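*Asks:* Before I ask anything, let me first share the structure, which is written out below as structure tokens.
Quick note: the coordinates plus some simple rules give every number you see, no bench work behind them. Because the structure is a prediction, the values reported are computed rather than measured. Methodologically, a virtual Cβ is constructed for each residue, glycine included, from the backbone with ideal geometry; neighbour enumeration extends over all protein chains shown.
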Amino acid sequence: MRFSLFKTPQPKKFNYQPRYYDPKKEEWERRKAELGYDSNLTKEEKLRLQMSRWKKGNETGGNNTARIITYFIYGALIAGSIYVILFTNLIENFLTLFGIHAK
């Protein structure tokens with residue numbers, strides 16, 4: 001490359017050829033892959049398809065029984081804490097253990 005003071009170099013040419021995109025064919029290929037038939041999808045596209053199914057499974061709510069049990073456990077812990085604080089003298093005994101006298 002020659003160096004010149006007054007001439008700026010031309011940008012490099014770039015050969016871009018857009019590919020043809022057919023949404024119906026793309027959906028058909030994905031549907032074939034979902035059903036287990038032979039499709040033209042690459043390994044990466046098949047992996048993305050599997051991962052999108054995982055995400056859809058999580059959005060539907062998953063296991064409602066586990067969610068109800070979790071809420072029940074949280075509610076029991078909160079109710080138990082309120083009972084111990086308000087209706088027992090456990091806190092007063094704990095404070096006198098450290099030398100603090102509650103009124």
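*Asks:* Between the helical axis of 43-59 and the dominant principal axis of the chain, each derived from Cα atoms, what acute angle in degrees is found, rounded to the nearest 10?
*Replies:* The helix 43-59 is inclined about 30 degrees to the chain.
*Asks:* Also: Suppose we take every Cα in the stretch 64-103 and form the convex hull; what volume per residue is that in Å³?
*Replies:* Values: hull volume 2.4 nm³, N = 40.
Spelled out: Cα convex hull of the stretch 64-103, divided by residues, is 60 Å³.
*Asks:* Let me ask something else. To the nearest 20 debye, what charge dipole does the chain have about its Cα centre, counting +1 at the Cβ of each Lys and Arg and -1 at the Cβ of each Asp and Glu?
*Replies:* 940 debye
*Asks:* Along the positive direction of the dipole of the chain (beta-carbon charges: Lys, Arg +1; Asp, Glu -1; about the Cα centre), which of 17, 70, 91 reaches farthest?
*Replies:* Projecting each Cα onto the dipole axis, the largest value belongs to 17.
*Asks:* Test of understanding: what is the full-extension gain from residue 47 to residue 32, defined as 0.36 nm times their sequence separation minus their Cα-Cα distance?
*Replies:* 4.0 nm
*Asks:* Moving on. Working out 0.36 nm times the residue gap between residue 85 and residue 68, then minus their Cα-Cα distance, what length gain in nm do you get to one decimal?
*Replies:* Length gained between residue 85 and residue 68: 3.5 nm.
*Asks:* With θ set to phi - 60° and the Karplus curve 6.51 cos²θ - 1.76 cosθ + 1.60, what are the ³J(HN,Hα) couplings of the stretch 75-83 in order, to the nearest whole Hz, using x for Gly and Pro?
*Replies:* Ordered by residue, 3J(HN,Hα) equals x, 5, 5, 5, 5, x, 5, 5, 4 Hz.
*Asks:* Taking the 0 to 90 degree range and rounding to the nearest ten, how far is the long axis of helix 23-35 tilted relative to the main principal axis of the chain, both from C-alpha atoms?
*Replies:* So the inclination is approximately 50 degrees.
*Asks:* Determine by what factor the alpha-carbon radius of gyration of the chain differs from 2.2 N^0.38 Å, reporting the quotient.
*Replies:* 2.62
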